[in-house]
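Q: First, the structure itself, so that you have it in front of you.
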Amino acid sequence: MDNKLSNKIKFLACVSLLLIPLFVILIVYNGKLSGNDFWWHIKVGEWICTNKALPYEDIFSWYGMENNISWCSQEWLSDVIFYLIFKFFGEVGIYFLCVLLACLLLALIIIHNYKYIKNRILFSLLFLCMAAVCFPCFMYGRPQIFSGILLYLEIKILYSFYKNPNAKTIFWVPIIAVFWSNLHGGTSVLSYLICLFFLISTIRPFMGNRVVNPRKKKKYLIILSIVFILSGLAIFVNPYGGYVFFYPYENINDGYMQAMISEWVSPDIKIIGQLIIYFLPFLFSFLFMALGKKKILLIDLILFLLFIYMFFRSIRFAFLAYIVFSSFVFKYYPKIQIKIKKFGASLTFIFILCLSAYSVFSVIPKASSNQIIKKVLDTSYTELIKTDNVSRIFNDYNYGETLIYNNIEVFVDAREDLYAKNILNDAVDLLFLMNTDDSNDIFDPEKIIDKYQFDAIIIQSDRPLRAYLDSNSDKYIKIMSDQSSSYYHVLKYYNQ
């Protein structure tokens, strides 16, 4: 950059470039939110507010209610927040909540790391832009939007304490754990595990050629140990007590659920989108850490390997990995100066601001027609089912949330923790006409249909089950069908 440029112009040039990731977030959202899980979350919130109580048994599945299957809403506080915002501000309220939190998170990352980013703008900008694409994929009407913010706050507090053992903010970590266990119990385990890794990393100091672990005073170890214990105990401060504490460990060991639920599957490098958004930024971050001249802090290496491991186990952890990595990767990037003239900096700044404003206000027309949050099942189907005389419907796993939102009792839905131990196997087997338990027996769909006495079936039209139903028209009457969905009556049990 020209040495005659003032510091003000240099700052404007850097800010102009760093506005690009925020603009990318707005472009990815583009006035649309995924409805994945959202619709049943707000119905849980509505149920809690209406009944002034928390559910301890299933409240949406006709099979679950018939059999009094226990179920705890470990995300109850998020559900209530979503419901209240939706009740008073509709879909546009949820949209702006998600967009603002995503932009806030990215802005905090940029501000916190600005002293490193400004001199390493090239690779920092690439990392931030990919993070900006990743965040909207996970920060929509689900509890993840809150756990992401809490994770960022805890990581920042722990690193501040790591650098300054006199920092009093460390005692906010157990309070964060309390909020975490009520907002998103499924990931609240991180609130004390990350404390544990910070603690472990300082037990044995050393100064290696590439990896260093500075010596910490006894006071540091004592305080961090207390915070770790308090954070673990804080998870019990929720209406369900110990259930939330053990819940994450039960899920992570459920191999069937991880194999069958799309967001639990491992990332696939052959998918070009995942290659660009996840693998490449993580790879060049690792290479700069491993091959650069700057010595690596042991805690940075531990956290990097931990979240890379989690990412390879399930793609749903990519979002959390970006947040954690952003706490330390920028300082390992090489210093590369980019020359930007005064006019170019000003023009870029104004251009991105205008485009960002356009992206925000373009959502208004969509908001007026309630077209922001996607629904996977067309309204014509839900209206038909509500007027139809069915009580034991078999529904596609993906349709559960939309049916729940329309007050239709389902067989299964996205609450895999509820169904994994009961009926998820049968639901998946029937959809795909196969034995997912690796049985060599010839699959017979009639056995499952008779087992549960389904009186109607609503599935995606591309499911193998559809071909079976169409080929047995003497048993199953097609009531409505299009390229996306198909609805049938089961003659044997309909109107019984």
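Q: Check ILE408, ILE442 and return the single one that is open to solvent by 30 Å² or more (accessible area, probe 1.4 Å) and outside any helix (DSSP H, G or I).
A: ILE442
Q: Out of all the residues in the range 191-212, which are open to solvent by less than 10 Å² (accessible area, probe 1.4 Å) and closer than 15 Å to PHE304 by Cβ?
A: Result: ILE194, PHE198, SER201.
Q: Taking the condition of being of a type in the set (Val, Ile, Thr) and more than 18 Å from GLY400 (Cα to Cα), how many residues in the range 37-86 meet it?
A: Result for the range 37-86: 5.
Q: Step by step: first the residues of the range 121-135, then only those that are open to solvent by less than 30 Å² (accessible area, probe 1.4 Å) and within 11 Å of ILE336 (Cα to Cα), then the one that is farthest from the chain's Cα centre (by Cα). Which residue is that?
A: ILE121
Q: Within the range 125-167, can you find the residues that are at pLDDT below 95, assigned to a helix (DSSP H, G or I) and among the basic types (Lys, Arg)?
A: Listed by number, the list holds a single entry, LYS163.
Q: If I filter the range 230-237 for residues that are open to solvent by 40 Å² or more (accessible area, probe 1.4 Å) and under 15 Å from PHE161 (Cβ atoms), do I get at least one hit?
A: Looking for residues that are open to solvent by 40 Å² or more (accessible area, probe 1.4 Å) and under 15 Å from PHE161 (Cβ atoms), one finds at least one in the range 230-237, hence yes.
Q: Give me the pairs, please: first residue somewhere in the range 281-293 and over 15 Å from LYS335 (Cα atoms), second residue anywhere and open to solvent by less than 40 Å² (accessible area, probe 1.4 Å), beta-carbon distance under 6 Å, and either six or more positions apart or on two chains.
A: Cβ pairs passing all conditions: PRO281/PHE127.
Q: Across the range 44-95, what is the number of residues that are open to solvent by less than 20 Å² (accessible area, probe 1.4 Å), among the aromatic types (Phe, Trp, Tyr) and part of a helix (DSSP H, G or I)?
A: Summing the residues that are open to solvent by less than 20 Å² (accessible area, probe 1.4 Å), among the aromatic types (Phe, Trp, Tyr) and part of a helix (DSSP H, G or I) in the range 44-95 gives 3.
Q: Hey, among ILE271, ILE308, ILE276, which residue is at pLDDT 95 or above and either open to solvent by 10 Å² or more (accessible area, probe 1.4 Å) or of a type in the set (Lys, Arg) (or both)?
A: Of the residues listed, the single one that is at pLDDT 95 or above and either open to solvent by 10 Å² or more (accessible area, probe 1.4 Å) or of a type in the set (Lys, Arg) (or both) is ILE308.
Q: Any residue that is more than 25 Å from SER473 (Cβ to Cβ) and either at pLDDT 90 or above or basic (Lys, Arg) (or both) - is there at least one of those in the range 420-434?
A: So far as the range 420-434 goes, yes, one or more of its residues are more than 25 Å from SER473 (Cβ to Cβ) and either at pLDDT 90 or above or basic (Lys, Arg) (or both).
Q: Next question. Mind checking which pairs have a first residue in the range 307-320 that is on the phi > 0 side of the Ramachandran plot and a second that is open to solvent by 30 Å² or more (accessible area, probe 1.4 Å) and modelled with pLDDT of 95 or more, Cβ under 6 Å, 6 or more apart or different chains?
A: That search, which allows pairs on different chains as well, returns nothing.
The values are calculated or read from the model by the stated rules, or taken from the named source; none is laboratory data. This structure is a prediction, so every number in the text was calculated from the model and none was measured. Please note: Cβ atoms are built from the backbone with ideal geometry, for glycine as well, and neighbour counts cover all protein chains shown. Heavy atoms of the whole protein, side chains included, go into the accessibility calculation; ligands, DNA and RNA do not. Shrake-Rupley method; radii C 1.70, N 1.55, O 1.52, S 1.80 Å.
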